[in-house]
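Undergrad: One structure coming up, written as structure tokens, with questions to follow.
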Amino acid sequence: MIRKRRREIPYLNPRDGIPRHLHHAWVGSRSIPEVEVECMATWHGQAQTYLWDDTDTLRVTGPSNYPRMAPTPSHMSDILRYFILLKCGGVWLDTDVECLRHGLLDVICNDPDIGFVFSDELPNTPGTAFIGSIPWHPLATKLLQAIAESDPKRWADSHVTTGPRLFAEV
């Protein structure tokens, strides 16, 4: 079962590598579709798992303008992903990412030589559906800074303003 995040994750030392925590988020008023619940369940037992939602937004982002900047749940999910990885570290998984074979977390988590990993989504475009990060990795800070400085006219497409294309630019 996925735990609803109710308390802070204790401080983790970035020198210890990517923490063995899995993070998912579901924002907006729709219920999580059953197929996505099934995808999330394929990761159970591999790490401590957290499901973040709208009630976590202000607690995670702090007194910033980020929640007000997000015009859609997709944008908010992207913003949450970078804040969660910045503050907590661990592995971010979109709710529709299915684990086909166990062992990946054994390779990337708690290895002091691995600080940041991500999947490919399109040719020459990093993916944001699977990201692993140590706490306070500079790339998470740069992503959030790029979002804060972005032109509001570009906010029509979350892939450009908060998702994979932004990730590729930073």
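Undergrad: Top mean-square fluctuation among ARG59, ARG15, ARG101, Gaussian network model of the chain, C-alpha springs under 10 Å?
TA: ARG101
Undergrad: Contour minus end-to-end for LEU104 and ILE32, with contour as 0.36 nm per residue of separation and end-to-end as the Cα-Cα distance?
TA: Working it through step by step, the gained length comes to 23.4 nm.
Undergrad: Using alpha-carbon positions, what is the distance between the centroids of segment 51-114 and segment 142-158, in Å?
TA: 17 Å
Undergrad: Using per-residue counts of other Cβ atoms within 10 Å, averaged over each peptide, order 20-26, 115-121 from highest down.
TA: 20-26, 115-121
Undergrad: Percent of alpha carbon pairs in the chain separated by more than 21 Å? Write down the numbers at each step before the final one.
TA: Details: 6402 of 14365 pairs.
Across the chain, Cα pairs with separations above 21 Å total 45 percent.
Undergrad: While we're on this one: Of the accessible area of segment 114-170, with the probe set at 1.4 angstrom, what percent is carbon plus sulfur?
TA: Details: 1650 of 2930 Å².
Ligands and nucleic acids excluded, carbon and sulfur reach 56 percent.
Undergrad: If a helix is a whole DSSP H run, which ones in the chain reach 20 Å or further along their own axis (Cα) and hold a mean Kyte-Doolittle hydropathy of at least -0.5?
TA: In the chain, the long hydrophobic H runs are 73-88.
Undergrad: Also: Hey, can you find the accessible area per residue of the chain for me, probe 1.4 Å, expressed in square angstrom? Intermediate values should be presented prior to the final figure.
TA: Values: 8910 Å² over 170 residues.
Per residue, the chain has an accessible area of 52 Å².
Undergrad: Given R₀ = 25 Å, what would the calculated FRET efficiency be for THR42 paired with ASP16, taking r from the Cβ atoms and rounding to 0.05?
TA: With a Förster radius of 25 Å, E is 0.45.
Undergrad: Using only helices, what value at 222 nm comes out for the chain when you add -39,500 (n - 2.57) per DSSP H run of length 4 or more and divide by the total residues, to the nearest 500 deg cm²/dmol?
TA: So the calculated ellipticity at 222 nm is -9000 deg cm²/dmol.
Undergrad: OK, next. Set the Förster radius R0 to 35 Å, insert the Cβ-Cβ distance between SER64 and LYS153 as r into 1/(1 + (r/R0)^6), and round the FRET efficiency to 0.05.
TA: Rounded to the nearest 0.05, the efficiency is 0.95.
Undergrad: To the nearest 0.05, how large is the calculated FRET efficiency for ILE114 and LYS87 if R₀ is 22 Å and r is the Cβ-Cβ distance?
TA: After rounding, the FRET efficiency stands at 0.70.
The values are calculated or read from the model by the stated rules, or taken from the named source; none is laboratory data. Treat the numbers as computed from the prediction; the structure is a model and nothing was measured. All Cβ positions, even for glycine, are placed from backbone atoms using ideal geometry, and neighbour counts span all protein chains on display. Ligands, DNA and RNA are excluded from the accessible area calculation, which covers all protein heavy atoms including side chains. Shrake-Rupley method; radii C 1.70, N 1.55, O 1.52, S 1.80 Å.
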